[in-house]
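The values are calculated or read from the model by the stated rules, or taken from the named source; none is laboratory data. A quick note: this is a predicted structure, and the numbers were derived from the prediction, not measured. All Cβ positions, glycine included, derive from the backbone under ideal geometry; neighbour counts span all protein chains shown.
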Amino acid sequence: MTANRLAESLLALSQQDELVDLPKDCLLSGSEDEGDNDGEREHQKLLEAISSLDGKNRRKLAERSEASLKVSEFNVSSEGSGEKLVLADLLEPVKTSSSLATVKKQLNRVKSKKTVELPLNKEEIERIHREVAFNKTAQVLSKWDPVVLKNRQAEQLVFPLEKEEPAIAPIEHVLSGWKARTPLEQEIFNLLHKNKQPVADPLLTPVEKASLQAMSLEEAKMRRAELQRARALQSYYEAKARREKKIKSKKYHKVVKKGKAKKALKEFEQLQKVNPAAALEELEKIEKARMMERMSLKHQNSGKWAKSKAIMAKYDLEARQAMQEQLAKNKELTQKLQVASESEEEEGGTEEVEELLVPDVVNEVQMNADGPNPWMLRSCTSDTKEAATQEDPEQLPEPEAHEVSESEGEERPVAEEEILLREFEERRSLRKRSELSQDAEPARSQETKDSSSQEVLSELRVLAQKLKENDQSRKQKASSKGTIPQVQREEPAPEEEEPLLLQRPERVQTLEELEELGKECFQNKELPRPVLEGQQSERTPNNRPDAPKEKKKKEQMIDLQNLLTTQSPSVKSLAVPTIEELEDEEERNQRQMIKEAFAGDDVIRDFLKEKREAVEASKPKDVDLTLPGWGEWGGVGLKPSAKKRRRFLIKAPEGPPRKDKNLTNVIINEKRNIHTAAHQVRVLPYPFTHHWQFERTIQTPIGSTWNTQRAFQKLTTPKVVTKPGHIINPIKAEDVGYRSSSRSDLSVIQRNPKRITTRHKKQLKKSSVD
Amino acid sequence: METAPKPGRDVPPKKDKLQTKRKKPRRYWEEETVPTRDGASPGPPCNKKNRELRPQRRKNAHILKKSRISKKPQVPKKPREWKNPESQRSLSGAQDPFPGPAPVSVEVVQKFCRIDKSRKLPRSKAKTRSRLEVAEAEEEETSIKAARSELLLAEEPGFLEGEDGEDTAKICQADIVEAVDIASAAKHFDLNLRQFGPYRLNYSRTGRHLAFGGRRGHVAALDWVTKKLMCEINVMEAVRDIRFLHSEALLAVAQNRWLHIYDNQGIELHCIRRCDRVTRLEFLPFHFLLATASETGFLTYLDVSVGKIVAALNARAGRLDVMSQNPYNAVIHLGHSNGTVSLWSPAMKEPLAKILCHRGGVRAVAVDSTGTYMATSGLDHQLKIFDLRGTYQPLSTRTLPHGAGHLAFSQRGLLVAGMGDVVNIWAGQGKASPPSLEQPYLTHRLSGPVHGLQFCPFEDVLGVGHSGGITSMLVPGAGEPNFDGLESNPYRSRKQRQEWEVKALLEKVPAELICLDPRALAKVDVISLEQGKKERIERLGYDPEAKSPFQPKPKQKGRSSTASLVKRKRKVMDEEHRDKVRQSLQQQQQQQQQQQQHKEVKAKSTGARPSALDRFVH
């Protein structure tokens, strides 16, 4: 202990030493250093320090070399010696005297011992303490993370959090404890008992109980055996089929196929004898199969097998034979069927031929009457359309050589006559056939009803009439076409681009007209004819004058023009003609219409001009910063050079493309509607980084106008609900399912809190999805 | 102890041989339990919206001659949401034959979905993603609920169908009246009012009341179902147009000089002198705005709830006498003499859009209830149907012999055109399809030229005002069969009307919200957003949301030498650079392609011109 004290005092000494050396600092350090010396000494020192403040005394102090005056038993001062006191110095005088041996020993022991390390700084110690405390509390608190997250994401929180378990007793229990009290109840129970209705669980009447026991054991066993047998049979059959399917031998399959075919043929023959109608159907199926095969590339000599055989054929007789066989089969298949056993095939065949020869409306009409097969119908109509388009190029050169078209027109009616005749024949055959085979499709049976003799007659009449009209109209058209070229010859220069403009509406018109004809023929035969003719005459003058006008326009205009005019020829005759439909008035009407059409031209020009202006106005303006006269001669009539202007012109950034850029007939105002914008959201709320994300969350309206009542209530539930009259206690670990005292689950959380949280998130997600 | 029949035993026996488990033989009573429970299904829950079901309304308006169309069977595509056989066992042990919530067809649900999922969102944080997921789940849930409540729309629209080959247009009103029940037949009537000139007419929003005004001053309002007259006056001035305000109690009449407002007793309440020489009136029910088009070329919006003029817009196109409103977005369509139709909103001084529709002047405009199609007819005798969904292109065009002077759409998309003294009606394939102009659905001839047309809401009735009076004709399939009892209830009492009025006033939409896209409020004001962002960056001096440059993370165990860090940094930078270059290259290529396409188109347009030598090419 003494030694310790000694060391301490030595330390203090050294400090004092330093203090003297740095007198300027002494004031501060003296007060700071907490010394173990008494106050008096300090006071002394202070006085000394103060006295040493004037310049004279400073040197003096430094020069002092004698021992200090204040030597006491408590204090060893090394002031002035200039060197540090070492333990050995102290021990030297001790050596001689033996009485001090014990002291020496002790001192030696002290010497051998190392000095205690300096204690850490107070701040550092505190920091370490804080760190440890933080880690501990963080670990303890981390168990709340999932709970907090859950509560944050919860749709609704109801406080107080602990819920009372609603005691749901099963209804049986409730019922068993229940007794009839009121007279009405008693009466009902009486009734139930009288009728032996069950009152308690399970609710089965005696009859039901009896029925439950109805099936005897043997019966059940028999039934089971039956089922087993059936199952076994089925599985055998399946296994067999599977086995056979796996056989790779081609020969085997060939044999099987042949056998099947033979069998089918035999059956078919038998069927023909027994039930001709069914046989017919069968035949149809066979025919279909043949068609399928025809469609396929099976016998086209293009397969892998065929190619290999072709190589081998030179040397191998068998291969050659096989190829020949295939070729023969191909020929047989691709050959057109001219004569067939059944009338149906005949019809199909003729139809095909017809389509090839003259695809016309007549066909379509026929098909319409035929009804039930939509595929055939579509192909037919498409055919006609194609035909129309094919006709188009024929018509194109017409202005140059209209005699040709005329001659065509003459030829065509002849063909049409033929078609009509054929059609009639077909109908008759059809009728016969339908009489023969009663079990045809229902649509066909309708057909039979249709084709009573009277109707056929009337149809024939209508057809004839139509034929005549067609003739007339064609002639009309031809004549009109004849007149136009004369007009056009006067201005030959722009003629090249004309035919397109001219002919396009023409073609549409013909198609339309054809369709119309078809419809009329099919549906309302008693419609007055003059209407139709009137329309035709109406159309021709309507379109003619348009064309020469149009060609003068620019290309851009033509687009708009087309938009406004191309569809105009699609005239529809109303089922009921309007007011006074007299011929001469109609003509007057047409004249007026033409006038209106002409008047409309500058409407388009005006609109385009307006649009151009609007586009110009909406374009962002460039900023011109040139100062005329700056750095060059200025004055009236002098302009800054182009270079300079270019240099000081700040080009405005190009805005987004206009919405009506590709819409010629529309001007859409691009100005911002600030009144609406004032109601829109202009700051993105926190978790969102892009406005699309936020927009997606506000797309669904929550008002009751757009939602059902339940949905509305759910969408507008408050986030936090507090029950009035309840104490809301702070959350406890037990509330959330943690045992507060347990170390184990805490430690789990501490070890890898991250994983836990992610897992928890997943769970949360799941629950939200559910 | 008896055993109750177990659920889920009616599985067909498996073919598998290996199955060793013995199955209990099926018992005959197991099947029986199902049908007995069938009838005991509870009635549908009562929805607040549809609480008031109509007592047998249009059931019999279906024309008898015609066969019924079989309704499309609903495809139950939604699987049952949860199965829990334990909880579904009832007391008696019987099993619910239709467990879980009722299935809903996907198409119907799709109808109520409003989130556009086609747009791909930028990568988002986990927190944002969870918010988006919540929003999507909410949407799905609400739309399923809405789809399920469609079940409560019990009424079906009427229809008229010809026997095969028969044209429905030839069926005249007398035939229809003969075929329908008495109540429906009573809805066809004629008012012979030859004295006071051609009539304009208007039905109230509930479809219960009818107001009409003759050009020579005759104004009357009546409950047309019971034929009870509410008022009848002569204003001693030319009447141009007449319109009910939000309820049947108020009536706006455009007279020769000014606009007058009467109540249902015929008492003049207001004379609005700021609206002078009005030719046409339109009432926007959700905004409480009365839009007036005047001879002086002004389109004036009058807020009838506060009596203020909201906006007076100069159309700069001369006299305005063709007007209609788009019920979808409350935009006013004006037809002009130069063949254009302009779209107006009170918030903008200029038209929202201008469409060139006809070569001559526009005679009539009508917009269908979904706001998808606009029908216009012009002096060039054409009737066109335009698509209003952004393209404004004509979908179909017909030339009519005399041109249509008046057009109107019904609630279910039927289009009527008045031409002279004939009324033609076209029908489409369904509610959301445009009327096909191929064949008229119905035609009717009147005793004088048509002057006003309107389909009665919620009824299969078309009201026609003409010089000979008023004709109410039956048009099967015109009206919406199911009405919203809280919104426009034809059978509402006075008290209910008053309550509705208060509610409607509370829910009044501000006039400035009228714009082409009524869902604009569900969008963010991007321009302000960008502006705000820019300002913030300027204020802070840096972009707080900018992506910080890549800083390689120090790796452990001595692999984190400075060289490797620099290397990694370099790598990322290079990658980014490459991405940029790739993008710019792609853009260039696209531009080139576009240019090429342009050239090709041009070449085609020039090359397609046929020459005389073309015939030798083939």
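Results, tabulated for the structure shown:
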| read-out | value |
| --- | --- |
| Matching option when the condition is within 7 Å of chain A (Cβ to nearest Cβ) and loosely packed, with under 15 Cβ neighbours inside 10 Å, among B:Lys127, B:Lys117 | B:Lys127 |
| Check on A:Leu574, under 48 Å from the mean Cα position of the chain (by Cα) and modelled with pLDDT under 80 | yes |
| Candidate set from region B:507-539 (those that are assigned to a helix (DSSP H, G or I) and closer than 24 Å to B:Asn326 by Cβ); member that is farthest from the other protein chains (Cβ to nearest Cβ) | B:Ala511 |
| Pairs, first more than 10 Å from chain B (Cβ to nearest Cβ) and free of Cβ contacts under 8 Å to residues at least 12 places away in the same chain in region A:704-727, second crowded, with 17+ Cβ neighbours inside 10 Å and in a helix (DSSP H, G or I), C-beta under 8 Å, six or more apart | none |
| Test: residue in region A:708-722 that is surrounded by 17 or more Cβ atoms within 10 Å (Cβ to Cβ) and in a loop (DSSP other than H, G, I, E, B) | yes |
| Options B:Gly165, B:Gly197: the member that is at positive phi, within 14 Å of chain A (Cβ to nearest Cβ) and modelled with pLDDT under 90 | B:Gly165 |
| Number of positions in region B:188-217 that are touching a Phe, Trp or Tyr at 6+ places or on another chain (Cβ under 8 Å) and of a type outside the set (A, V, I, L, M, F, W, C) | 15 |
| All positions within region A:161-183 that are of a type in the set (D, E, K, R) and at pLDDT 70 or above | A:Lys179, A:Arg181 |
| B:Glu487 modelled with pLDDT under 95, outside any loop (DSSP other than H, G, I, E, B), surrounded by 14 or more Cβ atoms within 10 Å (Cβ to Cβ) and not hydrophobic (A, V, I, L, M, F, W, C) | no |
| B:Glu133 being without any contact (Cβ under 8 Å) to a residue 40 or more places away in the chain, over 30 Å from B:Pro481 (Cα atoms) and either among the hydroxyl-bearing types (Ser, Thr, Tyr) or within 8 Å of chain A (Cβ to nearest Cβ) (or both) | yes |
| Output for region B:136-157, where each listed residue is buried (at least 18 other Cβ atoms within 10 Å of the Cβ), at the interface with chain A (Cβ under 9 Å from one of its Cβ atoms) and without any contact (Cβ under 8 Å) to a residue 60 or more places away in the chain | B:Glu138, B:Glu139, B:Thr142, B:Ser143, B:Lys145, B:Ala146, B:Arg148 |
| Test: A:Pro640 is free of Cβ contacts under 8 Å to residues at least 40 places away in the same chain, part of a loop (DSSP other than H, G, I, E, B) and either farther than 29 Å from B:Leu486 by Cβ or more than 8 Å from every other protein chain (Cβ to nearest Cβ) (or both) | yes |
| Test for B:Asp190: is it acidic (Asp, Glu), surrounded by fewer than 18 Cβ atoms within 10 Å (Cβ to Cβ) and assigned to a strand (DSSP E or B) | yes |
| Matching option when the condition is crowded, with 21+ Cβ neighbours inside 10 Å and of a type outside the set (Val, Ile, Thr), among B:Arg257, B:Arg280 | B:Arg280 |
| Every residue from region A:655-703 that is under 28 Å from B:Met348 (Cα atoms), more than 7 Å from chain B (Cβ to nearest Cβ) and free of Cβ contacts under 8 Å to residues at least 40 places away in the same chain | A:Gly655, A:Pro656, A:Pro657, A:Lys659, A:Lys661, A:Asn662, A:Ile674, A:Ala678, A:Pro701, A:Gly703 |
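Here's the yes/no breakdown for (1) of a type in the set (A, V, I, L, M); (2) touching a residue at least 60 places away in the same chain (Cβ under 8 Å):
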{"position": "B:Phe159", "(1), (2)": "no, yes"}
{"position": "B:Asp164", "(1), (2)": "no, no"}
{"position": "B:Ile171", "(1), (2)": "yes, yes"}
{"position": "B:Ile176", "(1), (2)": "yes, yes"}
{"position": "B:Lys187", "(1), (2)": "no, yes"}
